[in-house]
1. Distance in nm between label sites at residue 368 and residue 436, each 7 Å beyond Cα in the beta-carbon direction?
2. Counting DSSP beta bridges with both partners in segment 196-280, what percentage is antiparallel, nearest 5?
3. For a quick check: sort 168, 187, 177 by the number of other beta carbons within 10 angstrom, fewest at the front.
4. In percent, how large is the relative contact order of the chain, given Cα pairs closer than 8 Å and 6 or more residues apart?
5. Normalising by the residue count of segment 1-53, find the relative contact order in percent from Cα pairs under 8 Å and 6+ residues apart.
6. Can I get the semi-axes of segment 287-433's equivalent ellipsoid? Compute them from the C-alpha gyration tensor as square roots of 5 times the eigenvalues, in angstrom, largest first.
7. Picking from 70, 264, 425, whose Cα lies most toward the positive end of the charge dipole for the chain (charges on Cβ: Lys, Arg +1; Asp, Glu -1)?
8. As an exercise, use a Förster radius of 35 Å and the Cβ-Cβ distance of residue 72 and residue 204 to find the FRET efficiency, rounded to the nearest 0.05.
Amino acid sequence: MHTLDQLRSGTLAGVRRLDLSCDLQIVPPEVFDLADSLEVLNLSGNQLSSLPHDLPRLHRLKVIFCSNNPFTELPEVLGDCPKLQMVGFKSCRIAQVSASALPAQLRWFILTDNAVTHLPDALGERPALQKLMLAGNRLRALPDSLASAERLELLRLSANQFETLPDWLTQLPHLSWLALAGNPLGWHHAQPTPLDAVHWSDLQVDALLGEGASGHIYRVHHRQHADGLALKLFKGLVTSDGLPEHELAACLAAGQHPALCTPSGELAGHPDGTRGLLLPLIPQSFTNLAGPPSLESCTRDVYPSGLRISAPTAQRLATQLADAVAHLHARGVMHGDLYAHNILWDPHTAQALLSDFGGATLLPGASQAPRRALLALEVRAFGYLLEELLALVESAATGHDTALSAMTALAQACTSLVPAQRPDMTVVTAQLAALA
């Protein structure tokens with residue numbers, strides 16, 4: 001995080017990214033001294049309710065973050081910034097979004113946790129739009145112009161007021177990651193069997209293992225689990241994917257599978273009423289397969305530089321994950337965030353675990369029409385994952401040409417631009433298993 005003193009002294013000259021969080025009520029004029037270099041401007045966590053009218057003077061600006069500020073409308077000056085691609089206004093008080101506030105090059109748009117009831121038709125007229133994050137608003141409909149958003153790949157609509165979904169939504173050719181939980185869609189699905197309750201007083205809380213968008217994860221000890229457990233305590237806030245209670249419901253519905261990191265118990269008796277889940281403690285040999293998307297990659301994960309795997313490892317990982325996703329689909333769960341950064345794997349054994357149900361959606365019963373169309377979107381996400389695994393295979397791999405060719409053809413089928421032509425995940429699993 002930078003300081004005002006640094007900015008005013010000129011020591012930040014030439015920086016490409018500026019992060020200022022110091023109760024600002026106006027944007028400091030010295031920001032414009034960085035016009036010839038500044039590409040990312042982060043003003044989150046201030047007291048801003050407007051942006052300067054001459055913001056376009058930052059002629060290289062590509063990304064602006066203004067989350068956790070008391071804006072009530074999206075500043076129209078954003079629409080005048082010629083190179084602006086990413087706009088993030090999470091957890092403000094925005095109720096009004098006008099067409100003139102949308103930059104022509106808009107690619108990644110974050111309005112999570114606001115009070116938006118209507119979006120302008122111009123949103124669908126932004127041809128570069130790939131990522132649209134609208135969870136936690138008051139939307140009842142999407143502009144029909146989004147039917148033409150052919151590059152849209154990720155869409156978060158959780159915790160809004162949708163009673164129906166537009167017919168065109170599942171026909172978007174590139175849409176792969178969709179979150180819908182917490183809308184009054186009237187879908188009927190089987191109620192999952194409740195987990196065993198584990199009382200807070202029976203746990204000994206140890207080290208913090210990590211933190212995600214929806215909660216903190218701790219190592220805990222319980223008398224019946226000698227090797228320890230992991231405890232996820234929900235934050236109780238709207239995340240980029242939706243609400244914690246919807247993640248919990250999806251975890252319950254998901255059930256157990258060798259390649260899923262799903263809970264074994266539900267927390268009871270927390271002194272503050274905080275909800276939580278008990279999960280298996282993952283061995284230290286497991287690591288994330290990839291990191292989340294960068295500002296540049298937008299919707300695609302960033303893999304460790306130099307990571308290479310064998311063809312059999314790629315096939316083993318793909319088969320386990322396909323089977324896990326097929327298991328979820330059979331139980332009416334769309335994961336919604338099927339990404340390598342949500343996959344833990346052991347490089348020595350090629351075992352895989354799919355985690356993080358924050359973007360999951362419980363779908364209508366198997367006989368209800370929307371289910372197959374929605375699941376076809378996630379098949380495309382799996383196709384992307386399969387492409388990425390194939391790209392990691394060592395170029396010198398020999399003796400596996402047939403299997404690699406079959407996996408390549410399967411990835412192409414999964415990513416068909418016609419959703420109805422994509423295979424079911426049970427078919428995908430069977431084809432991968434046959435390659436072993």
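1. Here the modelled spin labels are 3.5 nm apart.
2. Around 85 percent antiparallel, to the nearest 5.
3. Details: 168 13, 187 16, 177 23.
Listed from fewest to most nearby Cβ atoms, that is 168, 187, 177.
4. Working: 987 pairs, mean separation 44.1, N = 436.
Relative contact order, the chain: 10 percent.
5. 41
6. With the √(5λ) rule applied to segment 287-433, the semi-axes are 25, 18, 14 Å.
7. Projecting each Cα onto the dipole axis, the largest value belongs to 425.
8. Given R0 = 35 Å and the Cβ-Cβ separation, E is 0.15.
Each value in this text was obtained by applying a stated rule to the coordinates, not by laboratory testing. Predicted, not measured: the structure shown is a model, and the values here were computed from it. We place every Cβ from the backbone using ideal geometry, glycine too, and count neighbours over all the protein chains shown.
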